[in-house]
Amino acid sequence: MGPPSSSGFYVSRAVALLLAGLAATLLLALAALAALYGRCARVPPSELPHRAGPDAAPSPPGTPEEPLPPGRTRPTREPAVTATTGHGRPPGPWDQLRLPPWLVPLHYELELWPRLRPHESWAPTLTFTGRVNITVRCTAATRRLLLHSLFLDCESAEVRGPLASDAGDSTVGRVPVDDVWFAFDMQYMVLELGGPLQPGGRYELQLSFSGLVYQDLREGLFFSVYTDQGERRALLASQMEPTFARSVFPCFDEPALKATFNVTIIHDPSYVALSNMPKLGQSLRRDTNGSEWTVTTFSTTPHMPTYLVALAVCDYAYVDRSERGKEIRIWARKDAIENGNADFALNITGPIFSFLEDLFNISYPLPKTDIIALPTFDNSAMENWGLLIFDESLLLIQPNDQVTDKKAVISFILSHEIGHQWFGNLVTMNWWNDVWLKEGFASYFEFGVINYFNPKFPRNEIFFSNILRNVLSEDHVLVSRAVSLKAENFTETSEINELFDLFTYNKGASLARMLSSFLNENLFINALKSYLKTFSYSNAEQDDLWRHFQMVIDDQNKILLPATVKSIMDSWTHQSGFPVVTLNVSTGTIKQEPFYLGKVKNETLLTHNDTWIVPILWIKNGITQSLVWLDKSSKIFPEMQVSASDHDWVILNLNMTGYYRVNYDQLGWKKLNQQLEKDPKAIPVIHRLQVIDDAFSLSKNNYIEIETALDLTKYLAEEDEIIVWYAVLVNLVTKDLVFDANSYDMYPLLKKYLLKRLASIWNVYSAIIRENSVALQDDYLALVALEKLFETACWLGLEDCLQLSRELFKNWTNQPENEIPSPIKSVILCYGIALGSEEEWDFLLNMYANKTKEEERIQLAYAMSCSRDPRILNRYMEYAITASPFAFNETNVIEVVAAAEVGRYIAKDFLVNNWQAVSESLYLFNHSKASGGYGTQSLVTLMNIIGRTISTDLQITELQQFFGNMLEEHQRLTVHAKLQTIKNKNLENKRRSARMTAWLRRNA
Ligand SMILES: [Zn+2]
């Protein structure tokens, strides 16, 4: 699957800011959903009121008949099989997360018939029916058969066999099926048989079933309604990973249970149907009403897991080309194809396939590749073998994407998903606990591909900004999880879904990169080739990978390791967090300790005794030195000594390929500081970045003094690399600082200090924006960093930044074709509103009303909160809770206003005065009344935003009184604890601010 969008560059930063606030609420809503699933335990799907969609509210337990959301209907069909519930069943294999090993699936004949017709007014749900014949081999005598099944109704179930070894199976017997029931907890369908299946025998399970297809719910089968060629259309697609195949057909839904699939799709004759394999044939079928449907069959797939089965039914057009004799088609809305929006993706797809084929020396085994761009796929992408599914925003280029990182993003994601054709599709992890084996390597190879096609791309800096920075700031020994987990520790299906996070993707990719850095690229690729070849069409676990690395290492004598690859890498994949490596340059001593969040001084944190086996590539005076290993808690390396009198400097962790932070003794930092002030260019860009980012992170967590980090910024007037500036600004001008109204004493000092240094980088980029913003499209790092630079410059009141904002905003309002360069659009809109009047605000509101794209609407909604006029902000919130023509659906306006500079005071008063209306509008927005309504959860989020700056108990009491009567008892307790945490954090920030202010006073 595509990386989680929280990892950074798939969502614009402004949107991310907004979403961050909303994420907490969403999590709570999801938790409520999870609770529903728990409560519905052991109720067969036909007894469920309806399947809970993302916006369908969970019903409180015991509610006899909850009304359905508008437009939703219950399935009325009676299952032909008497399915009983699991109530009162004794404990059994159905209580286990993993399938019992009695049956091995060999082949699926799968027919799916979703009732999607064009030119209908589509209800929020469709029905589908299906049949599946699964050939299985029995490995142990059993009278009981478990398959995965979720939200399916079973219409009939038969078991035939044992099958003869030759093809003439027509006269085989039947094994009677006495009962079919559902074990809802672990998502099983259980068939109780009248006689035992015999070990060694092959049987065919014949099941017919039905289920529901929900709109835009990216789980199993779903459909989307969109506009193309001026009319409303609908399409249907699938997402099986990780555990949704079971909601489309009963199956053995585990990644190691690979089988072949013959897929048949029944669809409206005007639609085209796609699946993993090429179309084999077509015929006609009439339904009971006599109307015609097309039956499309597809060739047999290779051996593959259920999570890669894919289908799409649509009225799309495509562009195609062939690469090494195999057809590649990119499917999209007809408008998009006609406008050439898919051409960029088409042109790079073939070469990426060829590059990876050559790199791994294994041909792509399928005869074709279809890639389909869905209007709604949650900003994500999925690597289904032969039918890759993308959100169209990650695949298509729009005309106004000129000054964006779109091409880079498309290249990254396409490379990732194509990389999966080997890592994941050809060789699959044994189980989800090792999902990083595919996600980490697919993410790592994104960079190999990009580097191959753009050798000048600043690979290390981009890896830092896209992958490393996010995960290093989230990974902590005591609170994070390890990359590779023990399969036996999983107890719930939901835990599988939670694995698709930063640790799987970003840490996984970082560890792959570290491995390649201490071997060499050749050995690294050779080991992977050997691994991929050995486990093709099969499954592997982490140890299998390490064994193949060990084999290539043992086969040569150039690279010597201090331990086996397994011991080295296990220390990284089985432990959470990472080490801080500290070099004392006077003695040459290096020690390692786990990185703790907010390390407490003079207090031993010995909860984590383990060490890592740390590869240390390093440079001295700009010259790369030979690799050393820190394989215990400390070690002396005399070659790393530097004396106070000489000009030497040392930096550990060459190119930041190691997954750790580096600390130095005072002299070590001083040497670096001196070098930066004397000749910063002598230190490579990636290391200027590293020194800044490590120093701020270490100071924030009490490893070094804040002054040490601040000293490193003195040279910045000489810094012309925007990505280094970015590292400085995100660390120095944090959200907390910006929102802290008490920073009034620091602000003028910080302003003076930074503006003095900012001039040269500002002049470069403001000139490009004014004169030739198109030039930015080749500067990926600028596209990443510009927003923060502009945001800070305007926040500091740099007159030219404010002037530029006025200019760009005015040009745009005069003529919306005068697009504001996309990387800085959020900032310009925000300052256009902040500096403007009601007229500008109303203009944006009208734009908002006419926009349909969610991302654009969120950007405008955010900008409108930047007004400094209390009347306007009040009116804004008023619109949000009343039935205005502007329907603020995407976002909770009050949260946005509360998060804005001026707005939070106004938002608080507004809430007090309008609580009833606010809570009702939130309720309507979410169709939800579960556990007091979504409104109170949203209130908790609001409280976090409004409480952002509290630092005294009095303020806590005040806020609690304010929120008190709006919350329920358990929420009040949570809120109190949360407020205490915020207060303590703020007190810590205050102490830090005071020291920063004192430092600035000396240096500004
Ligand atoms: Zn992936």
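Let me check against my output: what whole-number percent is the relative contact order of the chain, with C-alpha pairs under 8 Å and at least 6 apart? Each step should come with its number before you reach the end.
Numbers: 1804 pairs, mean separation 85.9, N = 1004.
Relative contact order for the chain comes out at 9 percent.
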**Prompt:** Once the principal axes of the Cα atoms of segment 159-266 are found, what is the range along each, listed largest first in whole angstroms?
**Reply:** 58, 35, 26
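Using just the helices of the chain, give the 222 nm mean residue ellipticity in deg cm²/dmol: DSSP H runs with n ≥ 4 each add -39,500 (n - 2.57), and the total is spread over all residues, rounded to 500.
Numbers: 29 runs with 389 residues, N = 1004.
Helices in the chain give a 222 nm mean residue ellipticity of -12500 deg cm²/dmol.
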**Message:** Quick query: amide H of Leu374 versus all other amide H atoms, modeled in the peptide plane; which residues come in under 5 Å with a sequence gap of 5 or more or a different chain?
**Reply:** Phe390, Asp391, Glu392
**Message:** Roughly how far apart, in whole Å, are the Cα centres of segment 107-135 and segment 197-260?
**Reply:** 9 Å
**Request:** Output the Cα-based Rg and Dmax of segment 298-364 in Å, rounding Rg to one decimal and Dmax to a whole number.
**Result:** 14.2, 38
**Message:** Tell me the per residue accessible area of the chain using a 1.4 Å probe; a whole number in Å² is fine.
**Reply:** 39 Å²
**Asked** His476's amide H: which non-local residues (gap 5+, or another chain) put their own amide H closer than 5 Å, with H modeled 1.01 Å from N in plane and none for Pro or chain starts?
**Response** Gly577
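Restricting attention to segment 519-563, which chymotrypsin sites (Phe, Trp or Tyr not before Pro) occupy a DSSP loop and are surrounded by at most 16 other Cβ atoms within 10 Å?
Numbers: sites: Phe524, Tyr531, Phe535, Tyr537, Trp546, Phe549; in loops: Phe535, Tyr537.
In loop regions of segment 519-563 (DSSP not H, G, I, E or B), the sparsely surrounded chymotrypsin sites (Phe, Trp or Tyr not before Pro) are Tyr537.
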**Message:** Of Gly424, Pro114, Thr813, which is farthest towards the positive pole of the chain's charge dipole, taken about the Cα centre with +1 and -1 on the beta-carbons of Lys, Arg and Asp, Glu respectively?
**Reply:** Gly424
**Request:** Amide H neighbours of Gln215 under 5 Å, at least 5 residues apart or on other chains, H built in the peptide plane: list them.
**Result:** Phe223
**Complete:** Rounded to the nearest 10, the angle in degrees between the Cα long axis of helix 780-795 and the longest principal axis of the Cα atoms of the chain comes to 50 degrees
**Item:** Cα-projected label distance for Asn984 with Leu106, points at 7 Å along beta-carbon direction, nm
**Value:** 6.1 nm
**Message:** I'd like the accessible area for Ile362, computed on protein heavy atoms only with a 1.4 Å probe and all protein chains in place. Round to 10 Å², please.
**Reply:** 30 Å²
**Request:** Pull up the cross-link candidates among the lysines for Lys756, meaning alpha carbon to alpha carbon under 21 Å and not fewer than 8 places away within one chain.
**Result:** Lys678, Lys681, Lys714, Lys788
**Fill in**
The ³J(HN,Hα) series, computed from each phi in segment 197-207 with the Karplus coefficients 6.51, -1.76 and 1.60 at θ = phi - 60°, rounded to the nearest Hz and given as x for glycine or proline, is 7, 9, x, x, x, 9, 9, 10, 8, 10, 10
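Averaged across orientations, what area in nm² does the convex hull of the alpha carbons in segment 369-411 project?
Working: hull surface 12.4 nm².
Result: a mean projected hull area of 3.1 nm².
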**Message:** Whole-Hz ³J(HN,Hα) for each residue in segment 499-510, computed from phi via Karplus 6.51 cos²θ - 1.76 cosθ + 1.60 with θ = phi - 60°, x for glycine and proline: what do you get?
**Reply:** 6, 7, 10, 4, 6, 5, 7, 6, 5, x, 5, 5
**Message:** If I model a spin label as a point 7 Å beyond the Cα along the Cα-Cβ vector, how far apart are those points for Gln960 and Thr813 in nm?
**Reply:** 4.6 nm
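Please tell me which of these pairs span more than 28 angstrom C-alpha to C-alpha: Lys599/Lys990; Lys326/Lys407; Lys406/Lys438; Lys258/Lys558; Lys407/Lys566?
Details: Lys599/Lys990 17 Å; Lys326/Lys407 24 Å; Lys406/Lys438 24 Å; Lys258/Lys558 39 Å; Lys407/Lys566 38 Å.
Result: Lys258/Lys558; Lys407/Lys566 exceed 28 Å.
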**Message:** What does the extension gain come out to for Glu968 and Val912, with contour length at 0.36 nm per residue minus their alpha carbon separation?
**Reply:** 18.5 nm
**Complete:** Computed ³J(HN,Hα) along segment 531-547: with the Karplus parameters 6.51/-1.76/1.60, θ = phi - 60°, integer Hz and x for glycine or proline, the list is 5, 5, 5, 5, 9, 4, 6, 9, 10, 9, 10, 3, 4, 4, 5, 4, 4
**Request:** Take the Cα of Ser586, step 7 Å along the line toward its Cβ, and report every residue of segment 662-676 whose backbone nitrogen sits under 11 Å from that point.
**Result:** 665-668
**Message:** If I ignore ligands, DNA and RNA and count only protein heavy atoms, how much of Glu327 is accessible to a 1.4 Å probe, in Å² to the nearest 10?
**Reply:** 70 Å²
**Message:** What value in Å³ per residue do you get for the convex hull of the alpha-carbon atoms in segment 325-478?
**Reply:** 138 Å³
**Message:** Can you find, among Asn384, Ile328, Phe963, the residue sitting farthest towards the positive end of the charge dipole of the chain, where Lys and Arg contribute +1 and Asp and Glu -1 at Cβ?
**Reply:** Phe963
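Roll a 1.4 angstrom probe over the protein heavy atoms and tell me the percent of accessible area of the chain that is carbon or sulfur. Don't skip to the end; give the middle numbers.
Details: 19720 of 38860 Å².
Answer for the chain: carbon and sulfur cover 51 percent of the accessible area.
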**Asked** Remind me, what semi-axes does the chain give for its equivalent ellipsoid, largest first in whole Å, using sqrt of 5 times each Cα gyration tensor eigenvalue?
**Response** 48, 36, 28
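Out of all DSSP beta bridges in the chain, what portion is antiparallel? Express it as a percent rounded to 5. Mind showing how you got there, number by number?
On the way: 99 of 128 bridges.
Antiparallel bridges make up about 75 percent of those DSSP assigns within the chain.
Give, rounded to the nearest 20 debye, the magnitude of the charge dipole that the chain has about its Cα centre when Lys and Arg contribute +1 at Cβ and Asp and Glu contribute -1 at Cβ. Mind dumping the intermediate values first?
Values: 92 positive and 115 negative charges, 297 e Å.
Dipole about the Cα centre, nearest 20: 1420 debye.
The values are calculated or read from the model by the stated rules, or taken from the named source; none is laboratory data. A quick note: this is a predicted structure, and the numbers were derived from the prediction, not measured. As a convention, Cβ positions derive from the backbone with ideal geometry for all residues, glycine included, and neighbour counts pool all protein chains shown. Ligands, DNA and RNA are excluded from the accessible area calculation, which covers all protein heavy atoms including side chains. Shrake-Rupley method; radii C 1.70, N 1.55, O 1.52, S 1.80 Å.
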